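The values are calculated or read from the model by the stated rules, or taken from the named source; none is laboratory data. Since the structure is predicted, the reported quantities are computational estimates derived from the model, not experimental observations. Note that each Cβ is placed from the backbone with ideal geometry, even for glycine, and that neighbours are counted across all protein chains shown.
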């Protein structure tokens, strides 16, 4: 069973670990969660864009990032 993020994407869809999200400009990344339990959700839920680029999920699915789950 996939772990569900505490937020929905920009379109209101549920987001799960392993989902790909896509921005209006076509950039995409995969949703991951840190194994460190002491972190708050805002720091624990991340999007991996490749290389060393990671960003907080909450910032990517909000008004600025406007990312949605790919294929939904």
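Residues in the range 24-38 that are surrounded by 12 or more Cβ atoms within 10 Å (Cβ to Cβ) and part of a loop (DSSP other than H, G, I, E, B): 27, 34.
Can you report the number of residues in the range 39-64 which are more than 16 Å from residue 6 (Cβ to Cβ) and either loosely packed, with under 13 Cβ neighbours inside 10 Å or modelled with pLDDT under 95 (or both)?
First, pick out the residues of the range 39-64 that are more than 16 Å from residue 6 (Cβ to Cβ): 48-55, 63-64.
Now narrow it down to the ones that are either loosely packed, with under 13 Cβ neighbours inside 10 Å or modelled with pLDDT under 95 (or both): 50-54, 63-64.
Looking only at that region, the number is 7.
Taken over the range 1-30, the criterion of being in contact with a helix residue (DSSP H, G or I) (Cβ under 8 Å, 6 or more places away or on another chain) and under 11 Å from residue 68 (Cα atoms) is satisfied by 15, 21, 23, 29.
For the range 44-53, does any single residue satisfy the condition of being out of contact with any helix residue (DSSP H, G or I) (no Cβ under 8 Å at 6 or more places or on another chain) and part of a loop (DSSP other than H, G, I, E, B)? Let's see the steps before the verdict.
The initial filter retains those residues of the range 44-53 that are out of contact with any helix residue (DSSP H, G or I) (no Cβ under 8 Å at 6 or more places or on another chain), namely 44, 48-53.
Adding the requirement that they be part of a loop (DSSP other than H, G, I, E, B) leaves 51-52.
Yes; the residues of the range 44-53 include at least one that is out of contact with any helix residue (DSSP H, G or I) (no Cβ under 8 Å at 6 or more places or on another chain) and part of a loop (DSSP other than H, G, I, E, B).
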